[in-house]
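One structure is given here, and the rest of the page talks about it.
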Amino acid sequence: GSCGAEVNDVQQQFKYTQPPSCPRCQEKEKWSLIPEKSSFIDWQRIRLQENASEIPAGSMPRTIDVIVRNDNVEKAMAGDKCEFT
């Protein structure tokens, strides 16, 4: 916040998320990220779809989004057949 307080462990929702307010001065607007005191991880949203050849004729394939992190990022490409456990 504008008072100089540092807020740690702010929950992130797959984008940069600022704290809702400063615990010291209740400021809600003036925030700056301190990169050297932050940790960042790779992540990727993958949209999975049922294989069309494995569903009844005339049915629409179902989809689900999966978030992968760290070493699993960019392991799958569009059109790949994948198995998740």
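The values are calculated or read from the model by the stated rules, or taken from the named source; none is laboratory data. Since the structure is predicted, the reported quantities are computational estimates derived from the model, not experimental observations. A quick note on method: Cβ atoms are made from the backbone with ideal geometry, for glycine too, and the neighbour counts reach across all protein chains shown. For accessibility, only protein heavy atoms count, side chains too; no ligands or nucleic acids. Shrake-Rupley method; radii C 1.70, N 1.55, O 1.52, S 1.80 Å.
When only C-alpha pairs under 8 Å and at least 6 residues apart count, what is the relative contact order of region 17-85, in percent?
Dividing the mean separation by the residue count of region 17-85 yields 26 percent.
Computed over the chain, the convex hull of the alpha-carbon atoms projects to a mean area of 8.6 nm².
Applying the criteria of a DSSP loop state and at most 10 other Cβ atoms within 10 Å to the trypsin sites (Lys or Arg not before Pro) of the chain yields K15, R62, K81. Site pair I34 and Q49 shows an inter-label distance of 4.6 nm when each label is modelled 7 Å from Cα along Cα→Cβ. Element breakdown for the chain at a 1.4 angstrom probe: carbon and sulfur atoms account for 47% of the accessible area. For the chain, chymotrypsin sites (Phe, Trp or Tyr not before Pro) meeting the loop criterion (DSSP other than H, G, I, E, B) and having at most 13 other Cβ atoms within 10 Å: F14, Y16, F40, F84. With q set to 0.15, 0.24, 0.29, 0.31 Å⁻¹, the log10 of I(q)/I(0) for region 20-70, from the Debye formula over equal scatterers at the Cα positions, is -0.68, -0.94, -1.04, -1.10.
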